[in-house]
Amino acid sequence: MDLTEIEPLLVRYFNNELSSAEAEKVAAWIAGSEEHRKTAEHLYYINLAAEAERLHREIDPAEALRKVHRRIRSDR
């Protein structure tokens, strides 16, 4: 597999979105060479950063704090 074929599979692999057969193929590709392992590692960290950024945009810290304060007041 070349990089254009493996990239989307790696992202799905890291998100646990592959069938077991697909995951085995990706794991075999990663184990196939040091270059593949490094490529997978780089894409893993890029995927992790993208997910963190997505969550950061979705979460409103001020609203989350208001919810905590409301729960504290209701528990009293």
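Values in this text are rule-based calculations from the coordinates and carry no lab data. Keep in mind that what you see is a predicted model, and the values were worked out from it rather than measured. Neighbour counts run over all protein chains shown; Cβ positions are idealised from the backbone, glycine included.
To the nearest 20 debye, what is the magnitude of the charge dipole of the stretch 1-70 about its Cα centre, counting +1 on the Cβ of each Lys and Arg and -1 on the Cβ of each Asp and Glu?
Values: 9 positive and 14 negative charges, 102 e Å.
It comes to approximately 500 debye.
I'm spelling it out carefully: the read-out is Cα extents along the principal axes in Å, the candidates are (i) 41, 27, 19; (ii) 59, 22, 18; (iii) 45, 25, 23, and one was derived from this structure. Which label?
(ii)
Residue by residue through the stretch 50-63, which ³J(HN,Hα) values in whole Hz follow from phi under the Karplus form 6.51 cos²θ - 1.76 cosθ + 1.60 (θ = phi - 60°), with glycine and proline marked x?
5, 5, 4, 5, 4, 5, 4, 6, 7, 9, 9, x, 5, 5
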